[in-house]
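The values are calculated or read from the model by the stated rules, or taken from the named source; none is laboratory data. These numbers were taken from a predicted model, which means no experiment stands behind them. Cβ placement follows ideal geometry from the backbone for every residue including glycine, while neighbour counts extend to all protein chains displayed.
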Ligand code: MSP
């Protein structure tokens, strides 16, 4: 069986997650489900990046230990992923003992072979905040957090030799055109970051303690990116007694990351792997951001709600569908409750919901729910059946390019065509004439087949709706194509999505 290893970034549990974090995770989940449905042995991983000064500070403010602080956020995150139907196979936490041990071994190995060396970190330091800043981060020459003076200080630190691998990296990227996507980000990495020259990366700190101790120099803790990026292999048992999963799944097939961290994933991460003499991931995809009403989602702007609020009102699949459908992958996209309601009404309630409801109701009304194929075909059916039969491949072509929105659009094109087929064949007219009874049954048969194929195709995106449609169709065939001799005994329909009146909803709720 072919394997497929897909990852999300590991998120900082400095606060509970928002719809932006859900964005990456829902997309990764949809791809993981898609691949599973296609028979791949999928390993889908997400998790949390728990060390560092920011978390240490947050915990202090909350008056708890850093571990206690992150434990709470992680519990909340796992509940969020459950409510979004996220089917991860493994949730890694960088505080997990096996991760900590493996990072220490990796650090030691890289030090012993000369890829990590001891040097001096020079930076601008804010003493009360215990934070280092770069010149560009300062506001009016002062600490961007507290506004006080910063001091130039030097700190002993370990560095990873990025410069040593620069030429090998450029050569790798250029000879593996699929490694960085989209194309625009690849060019940005090469031209803006790598070719001007790589500076060695600081990989340890002595100014805070919430991190993995450097095993041979305990006043240092491993600084975030080396700790964070290696999660993708430590979780599989790399450098542990049992590395079966590592052998089975590495290299990753797809790292999904946001555009601001693609730099670390396509420069630092490949170099760590080269230094460890390991194969590189097949693809790193840098997606755009979800903004809220045009603004960055941010705690300080207070412009977002707990994503479970949206699920509560619109259902999990409305949120999943919106995220997957609304934004062309790679671009930034806007999230708003208005747009979520519009999308849900137009596609899920009108196109999908109505089709299923109308068809199943007619099957019940005219044939007591029992439909088989009477094969009284007319010209219009050829086109319909052809479209049903090509759906699976049309969708595959898009998903393989990670064009999930376009893949979903293919399914909705067939759903819209099915609605048009009802309007054109007019089953209610056929029902009036006893002589048209077999034609009527054929029409309903074709519609049920189309709905079944669409429901199966939608499984990766909106799994619970897909299952609910199949339950109402009461049919177990799993071929994603038109079957000549299927048999239906549908149950009574239950509405899939209620239409939401946008104005009333917005007046009554503060979302
Ligand atoms: N901990 C690092 C990642 C380490 S991976 C080895 C980190 N964490 S993060 O919590 O700040 O962000 C994680 C991911 O969430 C990033 O890919 C980021 O782009 C994504 N998003 C955070 N806000 C987002 C939006 N508003 N929209 C889309 N993605 C967003 O960086």
Report task. Evaluate region 136-147: report whether one residue or more is in the same structural domain as residue 267 (by TED's automatic domain parsing) and touching a residue at least 40 places away in the same chain (Cβ under 8 Å). Result -> no
Requested in this report: Quick one: which residue in 74, 64 is assigned to a loop (DSSP other than H, G, I, E, B), farther than 21 Å from residue 399 by Cα and outside the structural domain of residue 401 (by TED's automatic domain parsing)?
Outcome: 64
Query raised in the report: From 203, 214, 224, which residue is under 23 Å from residue 154 (Cα atoms), more than 27 Å from the chain's Cα centre (by Cα), assigned by TED's automatic domain parsing to the domain that holds residue 128 and within 16 Å of the ligand (Cβ to nearest atom)?
Result: 203
Report summary line: Counting only residues in region 1-31 that are under 14 Å from the mean Cα position of the chain (by Cα) and in a strand (DSSP E or B), the one nearest to residue 248 (Cα to Cα) is identified as 5
Query raised in the report: Taking region 32-55 as the region of interest, how many residues are more than 15 Å from the ligand (Cβ to nearest atom) and part of a helix (DSSP H, G or I)?
Result: 6
Report summary line: Given (1) farther than 16 Å from residue 354 by Cα; (2) assigned to a helix (DSSP H, G or I), residue 460 misses just (2)
Requested in this report: Could you please let me know if residue 308 is modelled with pLDDT of 95 or more and more than 16 Å from the ligand (Cβ to nearest atom)?
Outcome: yes
Report summary line: All-but-one check, residue 60 against (1) at positive phi; (2) surrounded by fewer than 15 Cβ atoms within 10 Å (Cβ to Cβ), failing number (1)
Requested in this report: Can you run down the residue pairs with Cβ atoms below 6 Å, 6 or more apart or on separate chains, where the first is in region 465-491 and assigned by TED's automatic domain parsing to the domain that holds residue 455 and the partner is at pLDDT below 95 and crowded, with 18+ Cβ neighbours inside 10 Å?
Outcome: 472/493
Requested in this report: Inspect region 131-147 for any residue being closer than 30 Å to residue 239 by Cα and in contact with a strand residue (DSSP E or B) (Cβ under 6 Å, 6 or more places away or on another chain) and give the result as yes or no.
Outcome: no
Query raised in the report: In region 1-18, which residues are touching a strand residue (DSSP E or B) at 6+ places or on another chain (Cβ under 7 Å) and near the ligand (Cβ under 9 Å from one of its atoms)?
Result: 7, 8, 9, 10, 11, 13, 17
Query raised in the report: In region 232-246, how many residues are within 13 Å of the ligand (Cβ to nearest atom) and in contact with a helix residue (DSSP H, G or I) (Cβ under 6 Å, 6 or more places away or on another chain)?
Result: 1
Requested in this report: Give region 296-331 a look and list any residue that's surrounded by fewer than 17 Cβ atoms within 10 Å (Cβ to Cβ), under 30 Å from residue 251 (Cβ atoms) and in contact (Cβ under 8 Å) with a residue 60 or more places away in the chain, or say none.
Outcome: 328
Query raised in the report: Considering region 149-194 alone, what residues qualify as being in contact with a helix residue (DSSP H, G or I) (Cβ under 7 Å, 6 or more places away or on another chain), more than 26 Å from residue 125 (Cβ to Cβ) and assigned to a loop (DSSP other than H, G, I, E, B)?
Result: 179
Query raised in the report: Out of curiosity, is residue 21 farther than 17 Å from residue 401 by Cα and either surrounded by fewer than 22 Cβ atoms within 10 Å (Cβ to Cβ) or more than 9 Å from the ligand (Cβ to nearest atom) (or both)?
Result: no
Report task. Report the residue count in region 385-443 for those that are touching a helix residue (DSSP H, G or I) at 6+ places or on another chain (Cβ under 6 Å) and outside any helix (DSSP H, G or I). Result -> 1
Query raised in the report: How about region 333-384: which of its residues are over 30 Å from residue 405 (Cβ atoms) and not in a helix (DSSP H, G or I)?
Result: 368, 369, 370, 371, 372, 373, 374, 375, 376, 377, 378
Requested in this report: Name the one entry in 86, 116 that is crowded, with 17+ Cβ neighbours inside 10 Å, in contact (Cβ under 8 Å) with a residue 12 or more places away in the chain and within 30 Å of the chain's Cα centre (by Cα).
Outcome: 86
Requested in this report: Could you grab me the full set of residues in region 258-279 that are surrounded by fewer than 21 Cβ atoms within 10 Å (Cβ to Cβ) and under 21 Å from the mean Cα position of the chain (by Cα)?
Outcome: 258, 259, 260, 261, 263, 264
Query raised in the report: Among the residues of region 169-188, which ones are in contact with a strand residue (DSSP E or B) (Cβ under 6 Å, 6 or more places away or on another chain) and more than 17 Å from residue 252 (Cα to Cα)?
Result: 185, 186
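Residue by residue, here is whether (1) under 12 Å from residue 451 (Cα atoms); (2) surrounded by 17 or more Cβ atoms within 10 Å (Cβ to Cβ); (3) free of Cβ contacts under 8 Å to residues at least 24 places away in the same chain holds:
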{"site": "368", "(1), (2), (3)": "no, no, yes"}
{"site": "371", "(1), (2), (3)": "no, yes, no"}
{"site": "378", "(1), (2), (3)": "no, no, no"}
{"site": "382", "(1), (2), (3)": "no, no, yes"}
{"site": "407", "(1), (2), (3)": "no, yes, yes"}
{"site": "422", "(1), (2), (3)": "no, yes, no"}
{"site": "427", "(1), (2), (3)": "no, yes, no"}
{"site": "432", "(1), (2), (3)": "no, no, yes"}
